1. Taking the conditions exactly as written (modelled with pLDDT of 90 or more and closer than 16 Å to THR6 by Cβ), does THR37 satisfy them or not?
2. Report, by residue number, each residue of the stretch 15-40 that is touching a Leu at 6+ places or on another chain (Cβ under 7 Å) and assigned to a helix (DSSP H, G or I).
3. Considering only residues of the stretch 1-31 that are among the β-branched types (Val, Ile, Thr) and out of contact with any Phe, Trp or Tyr (no Cβ under 9 Å at 6 or more places or on another chain), which is most open to solvent (accessible area, probe 1.4 Å)?
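The values are calculated or read from the model by the stated rules, or taken from the named source; none is laboratory data. Please read all numbers here as calculations on a predicted model, not as lab measurements. Here the Cβ positions follow ideal geometry from the backbone for every residue, glycine too, while neighbour counts run over all protein chains shown. Heads up: the accessible areas ignore ligands, DNA and RNA and are worked out on the full protein's heavy atoms, side chains in. Shrake-Rupley method; radii C 1.70, N 1.55, O 1.52, S 1.80 Å.
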Amino acid sequence: MNLYSTIVQWSDEDGLFLVTIPEFADRAVMPCTHGKTRSEAINNGEEVIEMYLEAWQAEGESIPEPRNLEVLKYFTAMVQNHNQYQNESFHRE
């Protein structure tokens, strides 16, 4: 078990649950994984976290610290606003 956060959101466009790891957003493409079910997406997210941590450690790169709840609330609001903008833009076309 790790202390990193995952945001799991349903994507109508993809028909999948998409996973974002806020602490890794500046170092990896997000969303970073997905799943057909919420449970599968969460499990895949855990695997991706471990994969990135192992790779960064092996390469001698710095490892991001888990963030506290206040920072995550801000990031979650940013993601929600971005998704809302994309959804509104899609429906205008």
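1. In short, yes.
2. Of all residues in the stretch 15-40, those touching a Leu at 6+ places or on another chain (Cβ under 7 Å) come to 22, 31, 34-36.
Hit for the stretch 15-40 is PRO22, nothing else.
3. Start the filter on the stretch 1-31 by keeping residues that are among the β-branched types (Val, Ile, Thr), which leaves 6-8, 19-21, 29.
Still in the running and out of contact with any Phe, Trp or Tyr (no Cβ under 9 Å at 6 or more places or on another chain): 6, 19, 29.
On the way: THR6: 51, VAL19: 1, VAL29: 117 Å².
Checked the stretch 1-31; the qualifying residue most open to solvent (accessible area, probe 1.4 Å) is VAL29.
Let's see how each residue does on (1) surrounded by fewer than 16 Cβ atoms within 10 Å (Cβ to Cβ); (2) touching a residue at least 12 places away in the same chain (Cβ under 8 Å); (3) in contact with a Cys (Cβ under 6 Å, 6 or more places away or on another chain); (4) under 14 Å from VAL8 (Cα atoms):
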residue	(1), (2), (3), (4)
HIS34	no, yes, no, yes
ARG38	yes, yes, no, yes
ASN43	yes, no, no, yes
VAL48	no, yes, yes, yes
MET51	yes, no, no, no
GLU54	yes, no, no, no
GLN57	yes, no, no, no
SER62	yes, no, no, no
PRO66	yes, yes, no, no
